[in-house]
Amino acid sequence: MVSVIVPCYNQASYLEEALASVLRQEYQEWECIIVNDGSTDATATISKKWIKKDKRFKYLEQENSGVVAARNNGIKQAVGDYVLPLDADDKIGKEYLAKALGRFKNNEKLKLVYCEGEYFGELEKKWDLPEFTLQELATRNIIFNCAMFKKIDWERIGGYDANCTKGLEDWEFWIHLLKDGGEVYKIPKVCFYYRQVGNSRNVSITLQQYKEIYEYLSLKHTAFFVEHLGSFKFLYEKLKKLERQNTRLEKQIKANNNTLTMKRILKLLIRRIK
């Protein structure tokens, strides 16, 4: 069985579209756990409607604690051997569960399966994802959060890091999951659709926040970064470059009314530190 985990914080207007994409799956042995992270909108009402519609939908409530806690709490309750996180404003193609699970069944060394992605909403285009390598993963996050992994591996590494409250929790999770070995497979088909709107969860992150996250990950996974990027001196110099860019990029963020997306920030950063 696959457990689809859907954290939701005040995204009731998008939630039904996400849940409908789960209901349309060709693979039928799934459960979908909706985790209401203290929403003040119609999330509870919509969720309860869906659990009446199909018993495979389940519903949890928690005080507002953030997406990391919501995902972890949902996965704790999951009965499936495989887990697929899905944000409440995104959606998946009908073949995703079947194709991902099929890869796991054919390869016991596999730890992670994801797919081609596509933007929709305010921006509609193919998501240009680089080919996976550990070196590329050490440079930046190259896998979106909606990727399938085994629950036993989530348990082994202690779940999503509760310290990653400012973002990039999925990057930390992929590093932790893969740094000691295991294979990754990307399905050569678009099965994930990432909504682009002004209030998307990843829309607003300051350079200072990004620097703090990167510094935390560098310290937690030092051996991984050293192995794949070179030396700790390399990491130190990379952080210093981030600091030197702080003033100018912060001004750019303010000039754009704080609507510079994390994707655009990361592009600027990568361009300057490569």
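The values are calculated or read from the model by the stated rules, or taken from the named source; none is laboratory data. It should be emphasised that the depicted structure is a prediction, and the values quoted were computed from it without experimental measurement. Every residue, glycine among them, receives a Cβ derived from its backbone with ideal geometry; neighbour counts consider all protein chains shown.
Which of the residues belonging to the range 100-122 are farther than 15 Å from residue 150 by Cα and under 19 Å from the mean Cα position of the chain (by Cα)?
Within the range 100-122, 115, 116, 117, 118, 119, 120, 121 meet the criteria.
In the range 70-82, is there at least one residue being of a type in the set (D, E, K, R), closer than 14 Å to residue 32 by Cα and within 16 Å of the chain's Cα centre (by Cα)?
For the range 70-82, residues of a type in the set (D, E, K, R), closer than 14 Å to residue 32 by Cα and within 16 Å of the chain's Cα centre (by Cα): present.
Does residue 163 meet the test of being among the polar types (S, T, N, Q) and buried (at least 18 other Cβ atoms within 10 Å of the Cβ)?
no
Just to be sure I understand the filter: pairs with C-beta atoms under 8 Å, separated by 6 or more residues or on different chains, first member in the range 120-137 and basic (Lys, Arg), second member outside any helix (DSSP H, G or I). Which pairs pass?
Matching pairs, first to second residue: 125/118; 125/119; 126/116; 126/117; 126/118; 126/119; 126/190.
Here's the yes/no breakdown for (1) in a loop (DSSP other than H, G, I, E, B); (2) within 24 Å of residue 171 (Cβ to Cβ); (3) in contact (Cβ under 8 Å) with a residue 24 or more places away in the chain:
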residue	(1), (2), (3)
25	yes, no, yes
28	yes, no, no
46	no, no, yes
70	no, yes, yes
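Could you say whether any residue in the range 63-80 is out of contact with any Phe, Trp or Tyr (no Cβ under 6 Å at 6 or more places or on another chain), over 27 Å from residue 163 (Cα atoms) and buried (at least 19 other Cβ atoms within 10 Å of the Cβ)?
Checked against the condition, which is being out of contact with any Phe, Trp or Tyr (no Cβ under 6 Å at 6 or more places or on another chain), over 27 Å from residue 163 (Cα atoms) and buried (at least 19 other Cβ atoms within 10 Å of the Cβ), the range 63-80 yields no hits at all.
Here's the yes/no breakdown for (1) closer than 26 Å to residue 226 by Cβ; (2) outside the structural domain of residue 77 (by TED's automatic domain parsing); (3) among the β-branched types (Val, Ile, Thr):
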site	(1), (2), (3)
109	yes, no, no
115	no, no, no
122	no, no, no
160	yes, no, no
169	yes, no, no
184	yes, no, yes
192	no, no, no
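Within the range 73-89, does at least one residue satisfy the condition of being over 25 Å from residue 153 (Cα atoms), without any contact (Cβ under 8 Å) to a residue 60 or more places away in the chain and not small (Gly, Ala, Ser)?
No, the range 73-89 has no match at all.
I need the full set of residues from the range 1-23 which are closer than 14 Å to residue 80 by Cβ and not in a helix (DSSP H, G or I), in order please.
1, 2, 3, 4, 5, 6
Within the range 188-224, work out how many residues are crowded, with 20+ Cβ neighbours inside 10 Å and modelled with pLDDT of 90 or more.
Going through the range 188-224 one residue at a time, the tally reaches 6.
Any residue at all in the range 99-115 that's over 18 Å from residue 183 (Cβ atoms) and either assigned to a loop (DSSP other than H, G, I, E, B) or at pLDDT below 90 (or both)?
no
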